[in-house]
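The structure appears right after this line, and notes come after that.
The values are calculated or read from the model by the stated rules, or taken from the named source; none is laboratory data. This is a predicted model, so every value here is computed, not measured. A quick note on method: Cβ atoms are made from the backbone with ideal geometry, for glycine too, and the neighbour counts reach across all protein chains shown.
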Amino acid sequence: MNILKVTLTRNVLLAICLSAGISTLAFSQKSSSANISTRFAHAQFDAKTNTYSLDMEMKAEGARQQLFAMNLRFFYDASKLDFASVSELPAAYQLLGGQPKAFKGNADSGYKMFNLEESAAYVNSAIQLVKEDEPLEIQTNQWIKVGKLNFKLSSAIVPGSRVCPAVIWDLQENAKKGGFFPGDDGVVITVLENNPNTPQISAPANVSTMAFNWAYDKSNNLPYGRPLNQECFSVATSTTASYEAAVGERGYALYQNYPNPFVDNTVIEFVLPEAQEARLIFCDVTGKIVHTIQGDYKAGQNAVQIVRTAWPIQGSMLFYRLETGDYSSPALKMTVIER
């Protein structure tokens, strides 16, 4: 059994100290034909504990696979988040070396590498199968959860702010080029060979990654991409925004706008079971429809920003509901504060 040991060179730009050591993965000489995608999903913000969490998920292409190990390496926007822990791993897996620590770059590291506002931080760890008779099955028809990342909201965030944090796997768009550090293989996933004569032997898969609130710009030069404000939350939220828990049996959900009340703009979030056309219907206190926002939306969580100056709406109290071809939600109340 060979050992893959990736040593990251010191990167002056980030000024990140990696002296804590590099995690290792084991695999055989034989390469794997497995194709694995990994992503961050199901963002949750709990205002009571000031915790922001993301699920880590995998999906196989072609044929299902059994996960052996993964180099858990990612960057995140350190101006918005502070890394706390990795949790909810499958019972048969464990972190190598215990809970990882984050290494924060200098003030402009995030801007120079990823077009973030300020600093980027880096986490380098690994998870590995420790009970060989209980490997995680990576399916082809659905995303499978392999753990959760937990962060604390940065103390620099002003209450009432709208926050759209970026979390980026350490793997370039062209995976053959490895991670973002010189000499760094980035995210490496190994799968079991499924050969009963060679238990615990694994081989590296072909890996593709999906960053969270960030996209590659198809350039090999710095910065490598830019942030996307796709999944955001309000610091003023007073309850746990666990979207999964609030989704109804049919897969629909409509959430209270935030902030509410509002002066100039607000955001309405909703969940759809599949990609489809949907409408947000706005009514006055008499029930009269005063405005409609219609569009084609993706499956899962969606967000619509309402800008007051663009509204042909009068009145300080409104009601809104979500409608599709065969669904209509209960109405929620929103309040507009007069200037």
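Quick notes
- Output for region 146-187, where each listed residue is aliphatic (A, V, I, L, M), farther than 30 Å from Val263 by Cα and either modelled with pLDDT of 95 or more or assigned by TED's automatic domain parsing to the domain that holds Tyr258 (or both): Val146, Leu149, Val167, Ile168, Leu171, Val187
- Filtering region 92-135 to residues that are hydroxyl-bearing (Ser, Thr, Tyr), touching a Pro at 6+ places or on another chain (Cβ under 8 Å) and within 20 Å of Phe151 (Cα to Cα) leaves only Ser125.
- Cross-chain or 6+ apart pairs with Cβ under 9 Å, region 89-114 first and under 17 Å from Val167 (Cα atoms), then among the aromatic types (Phe, Trp, Tyr) and assigned to a helix (DSSP H, G or I): none
Yes or no, residue by residue, for (1) at pLDDT below 95; (2) over 20 Å from Gly179 (Cβ atoms); (3) hydrophobic (A, V, I, L, M, F, W, C):
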position: Asp55; (1), (2), (3): no, yes, no
position: Arg73; (1), (2), (3): no, no, no
position: Ser79; (1), (2), (3): yes, yes, no
position: Gly98; (1), (2), (3): yes, yes, no
position: Gly105; (1), (2), (3): yes, no, no
position: Ala126; (1), (2), (3): no, no, yes
position: Glu134; (1), (2), (3): yes, yes, no
position: Ile144; (1), (2), (3): no, yes, yes
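- Considering residues of region 148-178 that are assigned to a loop (DSSP other than H, G, I, E, B) and of a type in the set (D, E, K, R) only, the residue surrounded by the most Cβ atoms within 10 Å (Cβ to Cβ): Asp170
- Applying a threshold of 6 Å to beta carbon distances and a minimum spacing of six or more residues, or different chains, the list of pairs starting in region 25-54 at a residue that is under 21 Å from Phe74 (Cβ atoms) and ending at one that is at pLDDT below 90 and of a type in the set (Phe, Trp, Tyr) reads Phe45/Phe233; Tyr52/Phe45.
- Odd one out for Ala121, checked against (1) more than 30 Å from Lys218 (Cα to Cα); (2) crowded, with 18+ Cβ neighbours inside 10 Å; (3) of a type in the set (A, V, I, L, M): (1)
- Among the residues making up region 99-117, a single one is of a type in the set (D, E, K, R) and assigned to a helix (DSSP H, G or I): Lys112.
- Restricting region 59-71 to residues that are over 16 Å from Asp170 (Cβ atoms) and of a type in the set (A, V, I, L, M, F, W, C), the residue that is modelled with the lowest pLDDT is Ala63.
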